[in-house]
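Derivation of every value follows stated rules applied to the coordinates shown; laboratory data play no part. It should be emphasised that the depicted structure is a prediction, and the values quoted were computed from it without experimental measurement. Cβ coordinates were reconstructed from backbone atoms using ideal geometry, including for glycine residues, and neighbour counts include every protein chain displayed.
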Amino acid sequence: MSLAVEMKRQYKTKETATSSGRLTARRIAQELDIQKHNLANILFKGVLTCRFSQVRFLLNNGLSANVTNELGHNLLITSLFIEDEEKRDKMFK
């Protein structure tokens, strides 16, 4: 199941649990943006800590490789900050 499908499923479940029975489209969009931001942070942390399988999982399940962090760095630039040269080369592949 893709990440986007799973997130939509969670919100359908959350929608039925709210007191009014409805979530507005704006609220759902805000929640999705928050989750995407959190997932992007996890992706950047995975790159910096050389967690190759975690990075591959997130990218294969719909997270964009074109995300940028607060400094404006994308994943490729972030991987340049990996100290171990061998691990850095592996992350580039």
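Structure above, values below:
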quantity	calculated
Loop-located GluC sites (Glu not before Pro) in region 23-93, at most 13 other Cβ atoms within 10 Å (DSSP)	Glu70, Glu83
Environment charge at Ile42 (Cβ cut-off 14 Å; Lys +1, Arg +1, Asp -1, Glu -1)	+4
Charge sum, other residues only, whose C-beta stays under 15 Å from Ser79's C-beta, Lys/Arg counted +1 and Asp/Glu -1	+2
Calculated from backbone phi, Karplus (6.51, -1.76, 1.60) coupling profile of region 42-55 in Hz, x at Gly/Pro	5, 4, 5, 5, x, 5, 5, 9, 6, 8, 4, 5, 5, 4
